[in-house]
Amino acid sequence: MVLEPFVLVFIIWHIRKNLRLFSPNTHWDKSLLWAMVGIVILFILERAIPITVVINWIWHLSILGIGYLVFRLPLLERMRTIIIAVLPLIAIITIGDLVKIIYLPLYEKIDDFLSFAIVFSIAWMIAMLIRSNKQNKALNKERQKTLAEEERNKFISAQKEKLELIVEERTAEITKQKDELMDAFTELKNTQSQLVQSEKMASLGELTAGIAHEIQNPLNFVNNFSEVSTELLDEMMDELKSGNTEEVLALASDVKANQEKINHHGKRAGAIVKGMLLHSRTSSGKNEPTDINALCDEYLRLSYHGLRAKNKSFNADFTADLDKKLPEIKVVPQDFGRVLLNLINNAFFAVNEKSKTENKDFKPSVIVKTKLEKTKVIISVSDNGSGIPEDVKEKIFQPFFTTKPTGEGTGLGLSLSYDIVTAHGGELKVKTNEGEGTEFIIILPV
């Protein structure tokens, strides 16, 4: 039959195409290639050698061999369509050969039917193989998509591992930096505590001379009135001996008045010592009802006498303009006392520096005022010194910034004062005119 070689070549070509698509196997591909070559050789021999029966049998055996080959191929599940396509043709040819061998007259009777069946099976095979080709294309696309997805997943996995490694390295580095920062922070905190304590001790040192002066005055009164009281008691004893009752009563009245004065000045000295202790000891951190006017008056005088003790040539007018209606305010006395002392010391320092460059007509002056405005208490410390330059004004509340000469300031005074005032829910502002003076204003809620 003329169609048989072409059919076989077509089947083998289609099988090779499917094998390459699903499982590129060099052994099977070579075997099928040689099968195609053999079929072509047989076709040529059939045309050249008049041994038709032998060639015909070879064709039949080739078809059976191709059928067997199809069933032996790998990936049988994916080759199912090819098997279904080829099976009718192989079955019809096999049945025809068997009938021809067993009973030739019957074969001659059904030969036309077999030819028609072979043509039909070839059409069936071509249709099925075309369908298989479409399915294979779809499968090939799916396979390519799967391969692309696998490659993408591999790439993502590789990138994920790389990122995880980078994250681990960065995490270790950040942890190390965090530990270093914590150590640096702890060291800085300790240093800050030491500097704050140094600032407190520096302000306490400035107070010492003023405290000594302030305590000396009430002690002088105590001593003087004690001596006068002693003399009066001697006179009382003499008058008692002489029986002069009226004189004794008059002297007793004087002694009582002296004792009241001694008590008053003793309490005054005690209050000064108490203030010193409050200033020097660690803050309790508790808000207590405090007489702001008393604090302002006390620290104004203590600051002035402290500077006078350091520099005998220093002189300045100081005024306490205090609002008598001012109620007691809840503050931490130790902390707020340090704020007042720092602002007043700065004011006296400013007028003292200006007095060194001005003529004799310049009169240094420091004024401390308190005022009640509705629900706020206004405390101001003003001086007629040289003022603060605009380029410096923005920096004065920064830690460690100071305009004083080296060794005369830590640069923490105003910074600590600002922190203390804001911690009390208040504000610390500054008004200044260069060459005219400066005013620091504290605003506290009642």
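The values are calculated or read from the model by the stated rules, or taken from the named source; none is laboratory data. If you're wondering where the values come from, they're calculated on a predicted model, not measured in any experiment. When we count neighbours, we look across all protein chains shown, and the Cβ atoms used for this are built from the backbone with ideal geometry, even at glycine.
One table, with the values for the structure above:
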{"read-out": "Tabulated pairs, the stretch 242-266, first within 14 Å of F225 (Cα to Cα), second modelled with pLDDT under 80 and among the β-branched types (V, I, T), C-beta under 7 angstrom, 6+ apart or interchain", "value": "N258/V228; I262/V222; H265/V222; G266/V222"}
{"read-out": "Subset of the stretch 284-294 [under 15 Å from L326 (Cβ atoms) and either small (G, A, S) or in contact with a Pro (Cβ under 7 Å, 6 or more places away or on another chain) (or both)]", "value": "T290, A294"}
{"read-out": "Tally of residues being surrounded by fewer than 20 Cβ atoms within 10 Å (Cβ to Cβ) and either free of Cβ contacts under 8 Å to residues at least 12 places away in the same chain or not polar (S, T, N, Q) (or both) across the stretch 429-443", "value": "9"}
{"read-out": "Of all residues in the stretch 284-303 being within 19 Å of F348 (Cα to Cα) and among the charged types (D, E, K, R), the one that is surrounded by the fewest Cβ atoms within 10 Å (Cβ to Cβ)", "value": "D297"}
{"read-out": "Qualifying position, being touching a strand residue (DSSP E or B) at 6+ places or on another chain (Cβ under 9 Å), within 17 Å of I443 (Cβ to Cβ) and assigned by TED's automatic domain parsing to the domain that holds G385, among T290, T319", "value": "T290"}
{"read-out": "Qualifying position, being within 18 Å of E427 (Cβ to Cβ), in contact (Cβ under 8 Å) with a residue 12 or more places away in the chain and either touching a Lys or Arg at 6+ places or on another chain (Cβ under 6 Å) or small (G, A, S) (or both), among S380, S365, S386", "value": "S380"}
{"read-out": "Unmet criterion (only one of (1) at pLDDT 85 or above; (2) exposed (fewer than 15 other Cβ atoms within 10 Å of the Cβ); (3) not in a loop (DSSP other than H, G, I, E, B)) for F362", "value": "(3)"}
{"read-out": "Residue that is farthest from L87 (Cα to Cα), among those in the stretch 128-158 that are of a type outside the set (D, E, K, R) and touching a residue at least 12 places away in the same chain (Cβ under 8 Å)", "value": "N140"}
{"read-out": "Test: N293 is at pLDDT 80 or above, over 60 Å from the mean Cα position of the chain (by Cα) and under 30 Å from Q334 (Cα atoms)", "value": "no"}
{"read-out": "Strands (runs of 3 or more DSSP E) enclosed by the stretch 288-336 - at least 1 residues per element that are in contact with a His (Cβ under 7 Å, 6 or more places away or on another chain)", "value": "329-331"}
{"read-out": "Test: residue in the stretch 191-210 that is more than 30 Å from Y304 (Cα to Cα) and either modelled with pLDDT of 75 or more or not in a helix (DSSP H, G or I) (or both)", "value": "no"}
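Here is a yes/no grid of residues against (1) within 30 Å of L89 (Cβ to Cβ); (2) assigned to a helix (DSSP H, G or I); (3) in contact with a helix residue (DSSP H, G or I) (Cβ under 6 Å, 6 or more places away or on another chain):
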| position | (1), (2), (3) |
| --- | --- |
| V99 | yes, yes, yes |
| F116 | yes, yes, no |
| F120 | yes, yes, no |
| W124 | yes, yes, yes |
| M128 | yes, yes, yes |
| L139 | yes, yes, no |
| K160 | no, yes, no |
| T171 | no, yes, no |
| F185 | no, yes, no |
